[in-house]
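Undergrad: The structure's right below; bear with me while I get my questions together.
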Protein chains: 2
Amino acid sequence: MTTLNIPMPREQLERIVRQVVRTQFAERLTAGEPQLAAAYASNLVVNISARHLHISQEDLETLFGPGEELRVYRWLYQPGEFAAEQRVTIIGPRQRAIENVRILGPVRERTQVEISLTDAIALGIDAPVRPSGKVEGTPGVLVLGPEGILKMKDGVIRAERHVHMSPGDAQEYGFEQGQYVRLRVMSDCTATFDRILCRVDPRFLLEVHLDTDEGNACNLVNATGAELIA
Amino acid sequence: MTTLNIPMPREQLERIVRQVVRTQFAERLTAGEPQLAAAYASNLVVNISARHLHISQEDLETLFGPGEELRVYRWLYQPGEFAAEQRVTIIGPRQRAIENVRILGPVRERTQVEISLTDAIALGIDAPVRPSGKVEGTPGVLVLGPEGILKMKDGVIRAERHVHMSPGDAQEYGFEQGQYVRLRVMSDCTATFDRILCRVDPRFLLEVHLDTDEGNACNLVNATGAELIA
């Protein structure tokens with residue numbers, strides 16, 4: 001008897017297995033269809049990404065002390081990604097604060113804060129819409145941790161709406177890496193969001209990230225359906 | 001020399017005059033067009049309707065004392081409508097409060113609180129999407145004024161997205177009273193909102209009302225354009 005040594009939690013592994021099974025099932029379902037993109041009965045997940053920050057190891061230690069490591073609070077849908085136990089306070093130029101902003105792990109090369117437009121207005125900053133990592137020319141905020149203060153010069157963005165997808169998902173939809181598509185969410189206040197960036201990577205599960213403004217504008221939590229369209 | 005005795009402020013009158021001029025101009029522009037609905041270069045205004053309440057005279061006096069009258073803080077776009085100086089605190093079932101909720105005038109037959117989904121989540125209530133006035137079966141909140149407390153049994157809604165339009169506007173678009181249309185807002189995060197209820201009345205100026213979630217989800221304040229579509 002052999003045991004697979006896979007460095008990820010069981011629930012994440014199970015999700016991936018389900019994903020593979022459903023994708024193959026979908027392929028079988030749509031094998032005879034000429035319009036794959038429309039007919040693809042995908043395992044689409046849409047999640048609200050509340051305000052959070054990604055952090056570098058150096059900045060983490062500035063805020064929480066030398067040798068600090070991110071601890072898993074909850075695993076996220078994307079393999080290896082997690083909400084950390086550590087939280088911080090962010091403060092804008094008008095001394096307005098937002099408390100309990102959660103750090104997402106693992107640590108990254110560069111610290112980045114992702115907020116909604118409502119948050120940006122509350123903080124008094126003009127955070128632009130950017131894909132993750134494109135932080136040149138963006139504003140900064142003050143970040144408070146239990147052991148220190150971090151003065152970010154830039155890195156505060158409204159994350160560009162995006163969909164994580166595997167190359168297989170992309171092929172089923174007929175979408176490409178970097179393409180912009182649309183997401184339609186059906187609810188008591190149905191809405192269609194343009195400019196959903198396709199991010200294709202073999203490690204990704206099929207998942208759209210909206211921010212809290214977008215999620216609440218379409219009542220995502222009580223939605224009856226969602227679809228990606230070109 | 002005669003003076004017109006019109007019971008409305010000068011800026012409101014000016015807006016109406018401009019509206020008439022632009023509408024006639026638009027009619028001239030589109031006179032030769034077979035597709036009026038698409039070609040109509042309308043004087044479309046889209047505004048964010050922040051959380052507020054409408055109030056009955058009786059409830060106003062409960063909160064502010066006998067003989068209280070609403071005082072104009074700022075005139076709104078629709079003729080005769082105004083944001084009042086009076087503000088209240090609303091409290092949900094989990095003792096969470098939202099302060100400084102503004103009353104809109106004039107007084108109405110029935111008190112009604114209009115909030116966003118974000119507000120509803122913050123208060124801990126399940127406020128349904130309803131057109132104004134349809135409050136049967138909706139939740140209530142506690143309302144605090146400087147002179148009293150009002151226990152609303154119902155009347156808290158997420159206002160159904162709607163467009164105010166004159167019969168002339170409706171005709172230009174080819175829309176009817178009670179019809180649902182869509183609003184597309186072009187910005188750095190373009191979005192299309194379904195189920196915009198057409199409310200047609202000769203007193204109305206052409207104006208869409210979104211709530212703060214919707215307005216922020218499409219960055220309405222920095223939008224480059226907006227259009228109503230069937």
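Undergrad: I'm told residue B:196 meets every condition in (1) more than 26 Å from residue A:49 (Cβ to Cβ); (2) within 13 Å of chain A (Cβ to nearest Cβ); (3) open to solvent by 50 Å² or more (accessible area, probe 1.4 Å) except one. Can you identify the failing condition by its number?
TA: It is condition (3) that residue B:196 fails.
Undergrad: Any residue in segment B:121-134 that is within 13 Å of chain A (Cβ to nearest Cβ) and exposed (fewer than 14 other Cβ atoms within 10 Å of the Cβ) sitting within a Cβ distance under 7 Å of a residue that is in a helix (DSSP H, G or I) and hydrophobic (A, V, I, L, M, F, W, C)? List the pairs, counting only those 6 or more apart or interchain.
TA: The qualifying pairs are B:126/B:120.
Undergrad: Anything in segment B:169-192 that is within 12 Å of another protein chain (Cβ to nearest Cβ) and either surrounded by fewer than 23 Cβ atoms within 10 Å (Cβ to Cβ) or at pLDDT below 95 (or both)? List them, or say none. Can you show your working first?
TA: Here is the first cut: in segment B:169-192, the residues within 12 Å of another protein chain (Cβ to nearest Cβ) are B:180, B:182-192.
Scanning segment B:169-192 gives B:180, B:182, B:184, B:186, B:187, B:188, B:189, B:190, B:192.
Undergrad: May I pose another question? Return yes when residue B:111 is open to solvent by less than 20 Å² (accessible area, probe 1.4 Å), more than 9 Å from chain A (Cβ to nearest Cβ) and in contact with a Pro (Cβ under 8 Å, 6 or more places away or on another chain) and no when it is not.
TA: Numbers: open to solvent by less than 20 Å² (accessible area, probe 1.4 Å): yes; more than 9 Å from chain A (Cβ to nearest Cβ): yes; in contact with a Pro (Cβ under 8 Å, 6 or more places away or on another chain): no.
Judged against the criteria, residue B:111 is not a match.
Undergrad: Another one. Of everything in segment A:216-230 that's of a type outside the set (A, V, I, L, M) and in contact with an Asp or Glu (Cβ under 8 Å, 6 or more places away or on another chain), which residue is nearest to the other protein chains (Cβ to nearest Cβ)? Give the derivation first.
TA: Taking segment A:216-230 first, the residues of a type outside the set (A, V, I, L, M) are A:216, A:218-219, A:222, A:224-225, A:227.
Narrowing the set further to residues that are in contact with an Asp or Glu (Cβ under 8 Å, 6 or more places away or on another chain) leaves A:216, A:219, A:222.
Values: A:216: 4, A:219: 6, A:222: 9 Å.
Looking at the filtered set, the residue picked out is A:216.
Undergrad: May I ask you to say which residue of B:85, B:58, B:69 is at pLDDT 95 or above, assigned to a loop (DSSP other than H, G, I, E, B) and open to solvent by 60 Å² or more (accessible area, probe 1.4 Å)?
TA: On the way: B:85 fails: assigned to a loop (DSSP other than H, G, I, E, B); B:58 fails: assigned to a loop (DSSP other than H, G, I, E, B).
Only one candidate qualifies: B:69.
Undergrad: Right, something else. Report whether or not residue B:154 is open to solvent by less than 20 Å² (accessible area, probe 1.4 Å) and more than 14 Å from every other protein chain (Cβ to nearest Cβ). Break it down into steps so the answer makes sense when it comes.
TA: Details: open to solvent by less than 20 Å² (accessible area, probe 1.4 Å): no; more than 14 Å from every other protein chain (Cβ to nearest Cβ): yes.
Against the criterion (open to solvent by less than 20 Å² (accessible area, probe 1.4 Å) and more than 14 Å from every other protein chain (Cβ to nearest Cβ)), residue B:154 does not qualify.
Each row is one residue, and each column tells you yes or no for (1) under 16 Å from the mean Cα position of the chain (by Cα); (2) closer than 20 Å to residue A:79 by Cβ.
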residue	(1), (2)
A:149	no, no
A:159	yes, yes
A:165	yes, yes
A:211	yes, no
A:225	no, no
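Undergrad: Could you list, in sequence order, the residues of segment B:144-178 that are closer than 30 Å to residue B:97 by Cβ and either aliphatic (A, V, I, L, M) or outside any loop (DSSP other than H, G, I, E, B) (or both)? Spell out how you get there, then give the answer.
TA: Of the residues in segment B:144-178, the ones closer than 30 Å to residue B:97 by Cβ are B:144-162.
If the condition is that a residue be closer than 30 Å to residue B:97 by Cβ and either aliphatic (A, V, I, L, M) or outside any loop (DSSP other than H, G, I, E, B) (or both), then B:144, B:149, B:150, B:151, B:152, B:156, B:157, B:158, B:159, B:162 are the ones that fit.
Undergrad: Next question, about the same structure. For the structure I just gave you, tell me whether residue A:157 is without any contact (Cβ under 8 Å) to a residue 12 or more places away in the chain and farther than 23 Å from residue A:184 by Cβ. Walk me through how you get there before you give the answer.
TA: Numbers: without any contact (Cβ under 8 Å) to a residue 12 or more places away in the chain: no; farther than 23 Å from residue A:184 by Cβ: yes.
For residue A:157, the condition - without any contact (Cβ under 8 Å) to a residue 12 or more places away in the chain and farther than 23 Å from residue A:184 by Cβ - is not met.
Undergrad: Give segment B:206-215 a look and list any residue that's open to solvent by less than 10 Å² (accessible area, probe 1.4 Å) and more than 8 Å from chain A (Cβ to nearest Cβ), or say none.
TA: B:206, B:207, B:208, B:210, B:215
The values are calculated or read from the model by the stated rules, or taken from the named source; none is laboratory data. If you're wondering where the values come from, they're calculated on a predicted model, not measured in any experiment. Cβ coordinates were reconstructed from backbone atoms using ideal geometry, including for glycine residues, and neighbour counts include every protein chain displayed. In case anyone asks, the SASA skips ligands and DNA or RNA and just uses the protein heavy atoms, side chains included. Shrake-Rupley method; radii C 1.70, N 1.55, O 1.52, S 1.80 Å.
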